[in-house]
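Have a look at the structure below, then the notes.
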Amino acid sequence: MFHLLRAAAGGAALLLVVAGAVHLVRPGRFRRVLTAQSIVPRRLVPATAVVAGGAELSCGLAVALLLASGGGGLTAALAAQAVLFGAYAGYLGLLVRRRSTAPCGCLGDGAAATPAVVWRAVLLAAPSALAALGGGPIPAAWLGPAAATAGLGPPPPGSCPRSCPRRGTAASAADGRAAALELHAPIGQPAVG
């Protein structure tokens with residue numbers, strides 16, 4: 001189980017490396033996104049863009065390199081990565097609530113922030129946090145539903161035992177401001193509600 005958490009945390013680290021590189025290579029675009037979001041005060045947008053891009057790149061590189069080398073400091077790097085994704089989840093949650101049509105700015109594609117993006121940030125924080133804590137008592141079969149909830153596709157058939165939800169999906173309301181997480185009943189049991 002611990003190896004799965006570390007692998008997922010490594011994937012999240014690579015995502016941070018790409019996001020940080022995009023934000024630092026195209027700082028003007030990232031500043032425009034932050035300005036459009038209207039969360040960060042305008043006078044702090046330039047500094048925020050540099051700090052966020054640098055934090056993403058350095059944190060992602062630290063986790064990736066420490067995972068590959070087995071070097072000391074991995075626990076601290078994983079914890080920092082979990083905090084960074086947790087902060088993004090909070091920021092994006094606020095953004096979705098305040099300005100549902102604003103771009104998320106994740107990878108510079110200009111897509112609007114949605115509740116699914118918030119869930120994705122939460123789900124990217126989780127394996128880093130659990131790996132930093134030395135692993136957790138989460139069944140490996142629950143990773144499929146978590147990936148489906150993050151918008152990464154449905155869980156593979158037969159990947160869930162009787163004790164876990166069959167699948168999870170994130171669906172937003174028609175106006176894009178509300179979301180519902182739908183978890184189906186365990187296999188062989190009626191759905192509640």
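The values are calculated or read from the model by the stated rules, or taken from the named source; none is laboratory data. Keep in mind the model is a prediction, meaning the values are calculated, not measured. Neighbour counts are summed over all protein chains in view; Cβ atoms, including those assigned to glycine, are modelled from backbone coordinates with ideal geometry.
One residue is enough: does region 47-58 have a residue meeting the conditions out of contact with any helix residue (DSSP H, G or I) (no Cβ under 8 Å at 6 or more places or on another chain), over 21 Å from residue 113 (Cα atoms), part of a helix (DSSP H, G or I) and free of Cβ contacts under 8 Å to residues at least 40 places away in the same chain?
Initially, region 47-58 is screened for residues out of contact with any helix residue (DSSP H, G or I) (no Cβ under 8 Å at 6 or more places or on another chain), giving 47, 51.
Next, from what is left, pick out any that are over 21 Å from residue 113 (Cα atoms): 47.
Narrowing further to those that are part of a helix (DSSP H, G or I): 47.
Retained after the next criterion (residues that are free of Cβ contacts under 8 Å to residues at least 40 places away in the same chain): 47.
Yes, some residue in region 47-58 is out of contact with any helix residue (DSSP H, G or I) (no Cβ under 8 Å at 6 or more places or on another chain), over 21 Å from residue 113 (Cα atoms), part of a helix (DSSP H, G or I) and free of Cβ contacts under 8 Å to residues at least 40 places away in the same chain.
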Query raised in the report: Of the conditions (1) in a loop (DSSP other than H, G, I, E, B); (2) buried (at least 20 other Cβ atoms within 10 Å of the Cβ), residue 100 fails just one. Which one is it?
Result: (2)
Requested in this report: Select from region 119-132 the residues that are within 8 Å of the chain's Cα centre (by Cα) and in contact (Cβ under 8 Å) with a residue 40 or more places away in the chain and write down the one among them that is surrounded by the most Cβ atoms within 10 Å (Cβ to Cβ).
Outcome: 124
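Is there a residue being assigned to a helix (DSSP H, G or I) and buried (at least 19 other Cβ atoms within 10 Å of the Cβ) anywhere in region 103-114? Can you show your working first?
Within region 103-114, the first condition is being assigned to a helix (DSSP H, G or I), and the residues that meet it are none.
No - not one qualifying residue is present in region 103-114.
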Query raised in the report: Quick check: anything in region 69-89 in the same structural domain as residue 21 (by TED's automatic domain parsing), on the phi > 0 side of the Ramachandran plot, small (Gly, Ala, Ser) and buried (at least 19 other Cβ atoms within 10 Å of the Cβ)?
Result: no
Report task. Search region 19-36 for residues that are farther than 18 Å from residue 95 by Cα and pair each with any residue that is assigned to a helix (DSSP H, G or I) and of a type in the set (D, E, K, R) when their beta-carbon atoms are under 6 Å apart and the residues are at least 6 apart or on different chains. Result -> 19/56; 20/56
Query raised in the report: Can you name the residue in region 105-118 that is in contact (Cβ under 8 Å) with a residue 24 or more places away in the chain and of a type outside the set (A, V, I, L, M) and is also nearest to residue 26 (Cα to Cα) among such residues?
Result: 108
